[in-house]
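A.B. asks: One structure is given below, represented as structure tokens, and several questions about it will come after.
The values are calculated or read from the model by the stated rules, or taken from the named source; none is laboratory data. A quick note: this is a predicted structure, and the numbers were derived from the prediction, not measured. For neighbour counting, all protein chains shown are included, and Cβ atoms are generated from backbone atoms with ideal geometry for every residue, glycine included.
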Amino acid sequence: MQIIDDLNQTISMDSAPQRIISLVPSLTELLFDLGLGDRIVGVTKFCIHPPHAQQVAKKVGGTKKFNFEQIKDLEPDLIIANKEENYKEGIEQLCQDYTVYISDIFDLEDAVRTILNIGRMTQTEPESKQLVEIIQQEFEDVKDKLEGSVLYLIWQDPVMVAASDNFIDFLLRCLGLENVAGHLSRYPELDHETLRSLSPDYVFLSSEPYPFKEKHLSIYKHLFPNAEVMLVDGEMFSWYGSRLVHSPKYFMSLPVSRRR
């Protein structure tokens, strides 16, 4: 079997992998949902879904710092990685010794391709195809259903937002929302004066990577007196594995204006 990953690397496999390490939390959840829990030998400390992931698999560090000795001891025959979530130097080192599938996800098409590729590599194609069908239908049902302009915050000190060229921006636009930072690139740092000038209808304070809490609401309500400021589940906006089955219904539960 040969599969091309998102960095145009050819992944060649003689049989389905039996010892998988996942360095991507959202794809760890996907692997378990595909019924591969007994084949996952390593995960990161941020792989919190499902709750028992770190009990059945060894922790091999974080997404930005790998424990190479632990990985070596686990003797993986497949490592799942992501260009954005993992660090370049670490992935390059792993690629010298192991089969590494690297995803690079900006939109739903990318996410679907990754789910299907993982299904092919692990011989869980029926499960992955069924999952994709559900995801595509759920997203079709919510496409352009919301309206208004949004500022999506991902970090507090310094303040960082989700701008263009990322999965969060794609989801916001898919829902029909205008990303007021969409003219900027990636995840810029912005000062309060610049933030104010964006004048969003809504301010989303994400639960990850920075864990915004209730105490932050007053800060941003003061900064944006004319906007609706709310905490949102960052996993629903940034996890591109099987959690996508649930995210559309979550989006429609948010107190945001609907299109008629």
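A.B. asks: Pairs under 7 Å by beta carbon, first residue over 16 Å from ALA162 (Cβ atoms) in segment 104-115, partner surrounded by fewer than 16 Cβ atoms within 10 Å (Cβ to Cβ) and hydrophobic (A, V, I, L, M, F, W, C), six or more apart or different chains?
C.D. replies: Between residues of segment 104-115 that are over 16 Å from ALA162 (Cβ atoms) and residues that are surrounded by fewer than 16 Cβ atoms within 10 Å (Cβ to Cβ) and hydrophobic (A, V, I, L, M, F, W, C), the close pairs are ASP104/LEU7.
A.B. asks: Quick one: would you say ILE71 is within 28 Å of SER185 (Cα to Cα) and in contact (Cβ under 8 Å) with a residue 40 or more places away in the chain?
C.D. replies: For ILE71, the condition - within 28 Å of SER185 (Cα to Cα) and in contact (Cβ under 8 Å) with a residue 40 or more places away in the chain - is not met.
A.B. asks: Among the candidates GLN70, GLN123, single out the residue that is more than 30 Å from ASP169 (Cα to Cα), of a type outside the set (Ser, Thr, Tyr) and in a helix (DSSP H, G or I).
C.D. replies: GLN70
A.B. asks: How many residues does segment 1-56 contain that are β-branched (Val, Ile, Thr), in contact (Cβ under 8 Å) with a residue 60 or more places away in the chain and touching a Lys or Arg at 6+ places or on another chain (Cβ under 7 Å)?
C.D. replies: Summing the residues that are β-branched (Val, Ile, Thr), in contact (Cβ under 8 Å) with a residue 60 or more places away in the chain and touching a Lys or Arg at 6+ places or on another chain (Cβ under 7 Å) in segment 1-56 gives 2.
Per-residue answers, yes or no, for (1) in contact with a helix residue (DSSP H, G or I) (Cβ under 9 Å, 6 or more places away or on another chain); (2) surrounded by fewer than 17 Cβ atoms within 10 Å (Cβ to Cβ); (3) of a type in the set (Asp, Glu):
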position	(1), (2), (3)
SER12	no, yes, no
ILE20	yes, no, no
GLU29	yes, no, yes
ARG39	yes, no, no
HIS49	yes, no, no
VAL60	yes, no, no
GLN70	no, yes, no
ASP77	no, no, yes
ILE80	yes, no, no
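A.B. asks: Can you confirm whether ARG260 is under 28 Å from ALA81 (Cα atoms), charged (D, E, K, R) and either assigned to a helix (DSSP H, G or I) or more than 23 Å from the chain's Cα centre (by Cα) (or both)?
C.D. replies: Judged against the criteria, ARG260 is not a match.
A.B. asks: Among residues belonging to segment 154-198 that are in a loop (DSSP other than H, G, I, E, B) and free of Cβ contacts under 8 Å to residues at least 24 places away in the same chain, point out the one that is nearest to GLU208 (Cα to Cα).
C.D. replies: The selected residue is ASP157.
A.B. asks: Would you confirm, using the coordinates I've provided, whether VAL180 is assigned by TED's automatic domain parsing to the domain that holds SER238, over 19 Å from the mean Cα position of the chain (by Cα), surrounded by 21 or more Cβ atoms within 10 Å (Cβ to Cβ) and hydrophobic (A, V, I, L, M, F, W, C)?
C.D. replies: Criteria met by VAL180.
A.B. asks: Collect the residues in segment 102-131 that are closer than 20 Å to ALA16 by Cβ, surrounded by 21 or more Cβ atoms within 10 Å (Cβ to Cβ) and within 16 Å of the chain's Cα centre (by Cα), keeping them in residue-number order.
C.D. replies: Passing the criteria: ILE102, SER103, THR114, ILE115, ILE118.
A.B. asks: Mind listing just one residue for me: the one in segment 218-235 that is in a helix (DSSP H, G or I) and under 24 Å from the mean Cα position of the chain (by Cα) and, of those, farthest from VAL161 (Cα to Cα)?
C.D. replies: By that ranking, first place goes to GLU235.
A.B. asks: Quick one: which residue in VAL56, VAL24 is over 16 Å from ARG120 (Cα atoms) and at pLDDT below 95?
C.D. replies: Only one candidate qualifies: VAL56.
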